[in-house]
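Read-outs: derived from the displayed coordinates by stated rules, not from any lab. Keep in mind that this is a model prediction, so the values were computed, not measured. Because the Cβ atoms are built from the backbone with ideal geometry, glycine has one as well, and the counts that use them run over all protein chains shown.
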Amino acid sequence: MSGEAAGGELRGIGARLRAAREKRGLTVLQAAERLHLDARVVQALEAEDFTALGADVYVRGHLRRYAEAVGESPAQLQQLYSASPHAIRPDLTRIPRGEPDQRRSRLLLPALLVVVGCAMAGLLWWLLTLPGEKARPLPADRPSALDAAHGAEVAAGAEAGTAPGAVESAAPPTSLRAPVATGGREARLDLAFSAASWVEVSDVDGRHLLHGLIEGGSTRTLSGAAPLLVVLGNAGAVSLRLNGAPVTAAALVRRDGSAHLLIDATGRVSAAAPRLAHGE
């Protein structure tokens, strides 16, 4: 493209720009300063290295401004550029992508770790508390539930003017009839845990035989005076045997999976009152 036709007329874009610049006595640096461009842009225009100038719209803009600055015809140079094989067509396949937000990337990992940590803490709390409500320990120095009930009956009989013997012969409450009939006989209780469960076992005298969270796969064997008070946090995961015979308590399991049981020496099971289950 940089050449001259017969007769000396300049035909190339770069040659016409360079000739016009030299005619005005400007160097490449001076022309670049006048156009507020880098000197490499001026050199690329005069060398017709249009690919170094980027998209087609930028090339046309530089040609127009350079032509006006050195007294050339912008329209003629635009026509020459359009007819040249070097004209750059827009590349629609290249889509610019923004730089990733490095600050956001640095904050994402700590935030993710905090979320995972909270989830793990919540899961651990759920595993420890879900199997059932934790029963409060029975004080060893307090009288047994049977003694307390008997004392209440004696006091009621005394206020009514009834002889103590008549009070003692009266029928005890329904929930206490079975334990009284057994007479505090010694019994052996076997517990097998298929999953973790909170458990509390006390004998008729209020003596703790077992208390705490027992892991799945464990077994325990206890001996104490019946009736035995048994509190289970995850009743479905605990199998009971009294003196070698299985104890069935599925009908007494609460909605939350816990069970509060009274087991007499014969293996008969009844629901323990909430006051008895909490040692109050």
### Task
Evaluate 2.2 N^0.38 Å with N set to the residue count of segment 175-277, then give the Cα radius of gyration divided by it.
0.96
### Query
For segment 33-47, in order, what is each residue's ³J(HN,Hα) by Karplus, 6.51 cos²θ - 1.76 cosθ + 1.60 with θ = phi - 60°, in whole Hz (x at glycine and Pro)?
5, 5, 8, 6, 10, 6, 4, 5, 5, 5, 4, 5, 5, 6, 8
### Message
Whole angstrom only: what separates the Cα centroid of segment 36-74 from the Cα centroid of segment 187-238?
### Response
92
### Query
Working out 0.36 nm times the residue gap between residue 113 and residue 223, then minus their Cα-Cα distance, what length gain in nm do you get to one decimal?
34.7 nm
### Task
Calculate the spin-label point distance for residue 75 paired with residue 22, positioning each point 7 Å from the Cα along the beta-carbon direction, and give it in nanometres.
2.8
#### Entry: segment 239-245 - phi-based ³J(HN,Hα) in whole Hz, Karplus 6.51/-1.76/1.60, Gly and Pro as x
9, 10, 9, 10, 6, x, 9
### Query
residue 196's amide H: which non-local residues (gap 5+, or another chain) put their own amide H closer than 5 Å, with H modeled 1.01 Å from N in plane and none for Pro or chain starts?
216
### Query
Summing Lys, Arg as +1 and Asp, Glu as -1, what charge do residues with Cβ under 11 Å from the Cβ of residue 247 carry, residue 247 excluded?
0
### Query
So if we plug the beta-carbon distance of residue 185 and residue 250 into 1/(1 + (r/R0)^6) with R0 = 25 Å, what FRET efficiency do we get, rounded to 0.05?
0.50
